[in-house]
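Data first, discussion second: the structure below is written as structure tokens.
The numbers here are math on the coordinates, done by the rules we state, and not lab data. Everything numeric in this text was worked out from a predicted model, so none of it was measured. Here Cβ is always computed from backbone atoms with ideal geometry, including for glycine, and neighbour counts include all displayed protein chains.
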Amino acid sequence: MTVQIDLSSKTALVMGVANARSLGWAIAERLLQAGCRVGFSYQGERLRPELEKLTADYPGTWIQQADATNEEDLTALFERVRQEFGQLDILVHSIGFAPRAAMEGRFIDTAPEDWNVALNVSAYTLVSAARHAEPLLTDGASLLSLTFQASQRVVPKYNVMGIAKAALESATRYLAAELGPRGIRVNTLSAGPMRTVAARSIPAFAHLYESAARQSPMNRNATPGEVGDFGLFLLSDLSTGVTGQTLYVDAGASIMTVKMEEEG
Ligand code: NAD
């Protein structure tokens, strides 16, 4: 039996591509390669030229500015989805942010306003995007966000972003429960550390990157291409039995506690 992922009859909205290194782009590229029609939203006009360049080779794509925390932007964005596609099969949320101060200091000192910003941008926007999308979502649609294992275990300096990712993972389960009766699935992909713009704001990221590779049973980090492949699977009808889950693409680093040094 030959299994092919053909998304030529499907439509997708991808939120949160900043450049070619973005995990949102790794997933979007796979969707495009599978024939999906894809629209993109980006946070601010500064990011527009980069996204124009990335999508230039893909006829039929469109892009629209939308700050995911801004209700008016979201209303306009999903109105654009309605005009372009009429309905929506796939929604990718690839958005995260915490104020620098909250990641540089001690967790115990997290200021309430920094807490609110991090949880609002990184977790609540999945809920608000799903709410705006709901009337357009087809039965059997698939929603996907990106998380990180600092939600479950302590990653030094990740601080309030760990809390935001825990909220995102929990929101994934609540959304999956509510939207499940229509066959709509909601999952979150937990990626290992990857060198992106957002990663640059994590203090000691280089150390985190090296140590995750050492921790992995495969002695390496997962790649954005692997995130794209697994994202495509979760957004396709090959995964119709999977919802509400946090699924790891981290070359197994999260399963290990202590790793014995290799001999020799
Ligand atoms: P990235 O910087 O390429 O993408 C983050 C995106 O979030 C950017 O496009 C940015 O514009 C967008 N964003 C931030 N605030 C926004 C707002 N208010 N409205 C709309 N968009 C907003 O970095 P990335 O690493 O690809 O991040 C994508 C997702 O992957 C994030 O949720 C991140 O936490 C997650 N993730 C990243 C890693 C990693 O190591 N890079 C690991 C696990 C999970």
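Within segment 17-35, restricting attention to residues that are part of a helix (DSSP H, G or I) and within 14 Å of the ligand (Cβ to nearest atom), the residue that is nearest to residue 231 (Cα to Cα) is 27.
If you go through segment 199-225 and keep only what is more than 9 Å from the ligand (Cβ to nearest atom) and without any contact (Cβ under 8 Å) to a residue 24 or more places away in the chain, you end up with 206, 207, 210, 211, 219. Taking helices (runs of 4 or more DSSP H) as the structural unit, those lying wholly within segment 99-143 and holding at least 1 residues that are of a type outside the set (Val, Ile, Thr), away from the ligand (no atom under 16 Å from the Cβ) and touching a residue at least 40 places away in the same chain (Cβ under 8 Å) correspond to 100-104.
Restricting attention to segment 119-170 and to residues that are of a type in the set (Ser, Thr, Tyr) and surrounded by 19 or more Cβ atoms within 10 Å (Cβ to Cβ), the residue that is nearest to residue 257 (Cα to Cα) turns out to be 151.
Out of segment 84-102, which residues are farther than 20 Å from residue 138 by Cβ and surrounded by 17 or more Cβ atoms within 10 Å (Cβ to Cβ)? So that I can check it myself, show each step before the final result.
Within segment 84-102, the first condition is being farther than 20 Å from residue 138 by Cβ, and the residues that meet it are 94-102.
Hits for segment 84-102 are 94, 95, 96, 97, 98, 99, 102.
For segment 41-75, filtering for residues that are over 12 Å from residue 17 (Cβ atoms), of a type in the set (D, E, K, R), within 15 Å of the ligand (Cβ to nearest atom) and surrounded by fewer than 15 Cβ atoms within 10 Å (Cβ to Cβ) leaves 4. For residue 190, the conditions (1) of a type in the set (Gly, Ala, Ser); (2) away from the ligand (no atom under 13 Å from the Cβ); (3) outside any helix (DSSP H, G or I) all hold with the exception of (2).
In the set 38, 81, 14, which member is buried (at least 18 other Cβ atoms within 10 Å of the Cβ) and within 11 Å of the ligand (Cβ to nearest atom)?
On the way: 38 fails: within 11 Å of the ligand (Cβ to nearest atom); 81 fails: within 11 Å of the ligand (Cβ to nearest atom).
Result of the check over 38, 81, 14: 14.
Given the criterion part of a helix (DSSP H, G or I), charged (D, E, K, R) and under 25 Å from residue 38 (Cβ atoms), identify the matching residue among 226, 178.
Details: 178 fails: under 25 Å from residue 38 (Cβ atoms).
Among 226, 178, only 226 is part of a helix (DSSP H, G or I), charged (D, E, K, R) and under 25 Å from residue 38 (Cβ atoms).
Scanning segment 103-114 for residues that are surrounded by fewer than 15 Cβ atoms within 10 Å (Cβ to Cβ) and among the hydrophobic types (A, V, I, L, M, F, W, C) turns up 108, 111.
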